[in-house]
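These notes concern the structure reproduced below.
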Amino acid sequence: MTDYSQFAEPHSEEDRLVRRIDLERLPRHIAVIMDGNGRWARERRLPRVAGHRSGISAVRETVEMCARLGVDVLTLYAFSQENWKRPPAEVTTLMSLLREYVRKELDTLLKNDIRFSVIGHLEDLPASAQRELGRAVEKTSANKGLQFNIALSYGGRTEIVDACRALLRENVDPDEVTTEMFAGKLYTAGQPDPDLLIRTSGELRISNFLLWQIAYAEIWVTETLWPDFRRAHLFEAVIDFQRRERRYGGLSRGKEKDPVVVRS
């Protein structure tokens, strides 16, 4: 029998939600576009950094809950290549918060058997951030639980170009290239593609995130701003995911092809 107390307080709204989840049909890989930190701060007349700092709590709860549920992979979009265009002071603060998060959460990652990795151009980050991230990657490399990816200085188009370059360097015959071979050159090589893509703040964009990998992902958008995202929202996303019929371009089992309707 499942011990639901590990997910939420008994008789709470979160408890009611998580009991609706079929734990045998979880998405293997959840990807999240964390959006709305700046808007959250602006609505409260606070500096943007306050939104970024508050968003750390949402990261912590999402990682912890995915690990408890038994999700295989979680990928969080933390900093895009385009984000380097932001004011230098904001970028510096973001890098500082990143180092602080990794340093403080390392023991929790180890305790919960979470394997941490970075996807993107890590070399673009300040040396101090690279060292902190590299240490966490090394320390958690033997863990067998949740694979937690954080996308930093990441761009989906750049990832695809990098994969093409890798194949070219190996002098692979163009006629021999397969989708599986190409996927093996992506930053997420060896991991299942996202089944569920979550975006906060209500925006209907994928923002150059995992362009190859999300080809068949189910997309769930919430108006909730990232700093306010909590386990209840994660549960709602998984419940909605499990309601959907995933056909991968095919037809529902036992259904005839839909008739063609011609409109004048």
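Structure values in brief
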{"item": "Charge tally in the Cβ shell below 11 Å around P10, where Lys, Arg are +1 and Asp, Glu are -1, P10 excluded", "result": "-2"}
{"item": "Two-site label geometry, M1 and N208: point separation in nm, points 7 Å out along Cα→Cβ", "result": "5.2"}
{"item": "Top positive-direction residue, dipole computed over the chain with Cβ charges, set V59, G36, V102", "result": "G36"}
{"item": "Estimated dipole of the chain in Debye, rounded to 20 [Cβ of Lys and Arg +1, of Asp and Glu -1, Cα centre]", "result": "600"}
{"item": "With at most 13 neighbouring Cβ atoms within 10 Å, loop chymotrypsin sites (Phe, Trp or Tyr not before Pro) (DSSP) excluded, longest segment of the chain", "result": "1-215"}
{"item": "Loop-located trypsin sites (Lys or Arg not before Pro) in the stretch 51-156 whose Cβ has at most 13 other Cβ within 10 Å (DSSP)", "result": "K144"}
{"item": "Förster radius 30 Å - calculated FRET efficiency between V161 and R135 (Cβ-Cβ, nearest 0.05)", "result": "0.55"}
{"item": "Label point distance in nm, R244-T178, each placed 7 Å from Cα along Cα→Cβ", "result": "2.7"}
{"item": "Rounded to whole Hz, the Karplus (6.51, -1.76, 1.60) HN-Hα couplings of the stretch 144-160, x for glycine and proline", "result": "10, x, 3, 8, 9, 9, 10, 8, 10, 6, 9, x, x, 5, 4, 4, 5"}
{"item": "Two-site label geometry, R45 and D124: point separation in nm, points 7 Å out along Cα→Cβ", "result": "3.6"}
{"item": "For the chain: relative contact order, % (alpha-carbon pairs under 8 angstrom, 6 or more apart)", "result": "26"}
{"item": "Pairs of lysines in the chain (C-alpha under 27 Å apart; 8 or more residues apart or interchain)", "result": "6"}
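Coordinate-derived values only; no laboratory data. Just so you know, these numbers come straight off a predicted model, no measurement behind them. Cβ atoms come from the backbone with ideal geometry, glycine included; neighbour counts cover every protein chain shown.
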